[in-house]
Amino acid sequence: ADLEKALVGLESAMPSRAQQIFEALASHVARAAHSPDQWVGAADLAACLLKEAKTNPQRKLAMGKARELVDSVATCGHDLPPGMPRALQLLRMAIHSAGAAMCKEDACDLVDVKKIATFWKKDGIEEESPKRWSEGPIAQMQSWRQVMSRGPRRVLSAWRDAAQRRRGLFSRPGQQLMSSQHMDSAGGFPGHNMDGPRLPPPSLERSLSNVQGPGIRGGEALSAANVQAFAKAVAAKALSENLSPHLEAIVEEFRRIVSQRIRGSLSWEQLQCRVSGQRLDPEAFTRAWKEKTTYQACSEDHESIRLWWSYVTELPPKELLRLFTWCTGFAAIPTTAWKFRINVVDDVGRCPTVNTCMTDDASAANRGVKMPTLYLPAYETKAILTKKMEWAIAGACGIHLH
């Protein structure tokens, strides 16, 4: 009875491919809010999503994620990345256009507009209900001076400066935000074969896709009797039907490169490890890394080496993988031959460095097994090692080397 009640009003449908792509891109905008190096791309993406949105739920979703991004920019404690003023100006214009479209589609439904306006409310901004969209979130964004006077004012000043430099941007040929036609021609939604038949590009106007299969008809109301068949049909559609056209080219090339003899000797688990690396828990991961490690100008019993492995062992899984990638260039423990070397150096004033181009071939040819080498200063404490490693990895991330 509880299941039947939960299924009342639901149909055998799932989000369309276009809707799933839209939601995934919107989620990326929100995640990028915490990474200043991704702000410019995220703001451009948010503006494109707002321009391409075809329904009010899509516009609301994009605006909500854009709000998270703008809030992070407004409260940041450092300078804006290059190009951010331009991106913020485009985002502001896209928000204004999307708001006007929402008012037009809903005939200025004040209740709906008020709900959307709450996305942008801040302490110190008046609670007066907006009469028009332009008097709602947009006016609130323009009046952020009331809030920003107590903190960074960089967002408003960036918008103002960019507006003065790029006035009339949308009226210039070739300066438009990405359109559906451009996304298709640029390969955003291509068919699976450039020389073969092309699939029609996903349309954001169709947010739902009917699901059908054994025991379920497309658009049929869901019930306890058909919910299991619906679940199986959704899995088949999402994992097979929707992906098949895009994976066929990859599968074809894989079969062309890898012989039938090799393919026949691998299970899917072995193939996964060959492609993605070994999937290990942190303890096994560290053990495998340690087994592949050799030492130069020191031994495994050296105090700096014991300090290093103690530091590595205490890292959480995500940070462990990040450190391993910085040290080796590998995203995971490889299944092919590899080595790792640690060379202890005396200069404790420097940060650890790594050379990922080394092999175990000592000759000038350097054609042996890949052997990334870590140059580890002989720090006295784990606290110093931890701080220096954080600086080293942050420096690599800052110049996009990690």
### Message
List the residues, sorted by chain then number, that are 5 or more residues from THR359 or on another chain and whose placed amide H is less than 5 Å from its amide H.
### Response
MET371
#### Entry: Positive minus negative residues near ASP361 (Lys, Arg vs Asp, Glu; Cβ under 15 Å)
+3
### Message
Given a 1.4 Å probe and heavy atoms of the protein chains only, how would you sort ARG263, ARG274, largest accessible area at the top?
### Response
ARG274, ARG263
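Enter the accessible area per residue of region 292-382 (Å², integer; probe 1.4 Å; all protein chains in place). Mind showing how you got there, number by number?
Working: 4710 Å² over 91 residues.
I get 52 Å² per residue for region 292-382.
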### Query
For SER299 and ALA100, FRET efficiency with R0 = 60 Å and r from the beta-carbon atoms, rounded to 0.05?
0.25
### Task
On the protein heavy atoms, probe 1.4 angstrom, tell me the percent of accessible surface of region 309-358 carried by carbon and sulfur.
56
### Task
Quickly rank 212-223, 23-34 as a protection proxy: mean count of other C-beta atoms within 10 Å, highest first.
23-34, 212-223
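Leaving out ligands and nucleic acids, note down the accessible area per residue over region 1-100 with a 1.4 angstrom probe, in whole Å². All intermediate terms of the calculation are to be shown ahead of the outcome.
Working: 4300 Å² over 100 residues.
For region 1-100, the per-residue accessible area is 43 Å².
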## Note on the structure
Listed by chain and number, the residues whose amide H is under 5 Å from that of ILE333, excluding neighbours fewer than 5 places away on the same chain and using placed H, are GLN278
#### Entry: Nitroxide proxy distance, nm - points 7 Å out along Cα→Cβ at THR356 and GLU4
5.9
#### Entry: Per-residue HN-Hα couplings for region 8-20 [Karplus 6.51, -1.76, 1.60; θ = phi - 60°; Hz; x = Gly/Pro]
4, x, 8, 10, 7, 9, 9, x, 5, 4, 4, 5, 5
### Message
Residue by residue through region 2-7, what is 3J(HN,Hα) from phi via Karplus (6.51 cos²θ - 1.76 cosθ + 1.60, θ = phi - 60°)? Round to whole Hz and write x for glycine and proline.
### Response
5, 5, 4, 5, 5, 8
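Counting only protein heavy atoms and using a 1.4 Å probe, what share of the accessible area of region 22-79 belongs to carbon plus sulfur, as a whole percent? Before the final figure, lay out each step's value.
Working: 1170 of 2230 Å².
With neighbouring chains kept in place, the figure for region 22-79 is 52 percent.
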### Query
In square angstrom, rounded to the nearest 10, how much accessible surface does HIS78 have for a 1.4 Å probe?
80
### Query
Amide H of THR353: which non-local residues (sequence gap of 5 or more, or other chain) have their own amide H closer than 5 Å, using H built in the peptide plane?
TYR375
### Over 26 Å between alpha carbons, listed pairs LYS318/LYS382; LYS292/LYS388; LYS5/LYS65; LYS318/LYS388
LYS5/LYS65
### Task
Compare THR359, THR294 by solvent-accessible area with a 1.4 Å probe and give them largest first, with all protein chains kept in place.
THR294, THR359
### Message
With θ taken as phi - 60° and the coefficients 6.51, -1.76 and 1.60, list the Karplus ³J(HN,Hα) couplings across region 283-294 in order, rounded to whole Hz; mark glycine and proline as x.
### Response
5, 5, 4, 4, 5, 5, 5, 5, 5, 8, 9, 10
### Query
What pairs in LYS290/LYS387; LYS54/LYS232; LYS60/LYS237; LYS51/LYS237; LYS290/LYS370 have C-alpha atoms more than 25 Å from each other?
LYS54/LYS232; LYS60/LYS237; LYS51/LYS237
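With all protein chains present and a 1.4 Å probe, how do TRP391, TRP289 order by accessible area, largest first? Walk me through the intermediate numbers first.
Numbers: TRP391 135, TRP289 0 Å².
Largest accessible area first, the residues go TRP391, TRP289.
The values are calculated or read from the model by the stated rules, or taken from the named source; none is laboratory data. Bear in mind that the values here come from a model prediction, so they are computed numbers and not experimental data. Every residue, glycine as well, gets a Cβ built from its backbone with ideal geometry; the counts of neighbours run over all protein chains shown. Keep in mind that these areas ignore ligands, DNA and RNA; they rest on the heavy atoms of the full protein, side chains included. Shrake-Rupley method; radii C 1.70, N 1.55, O 1.52, S 1.80 Å.
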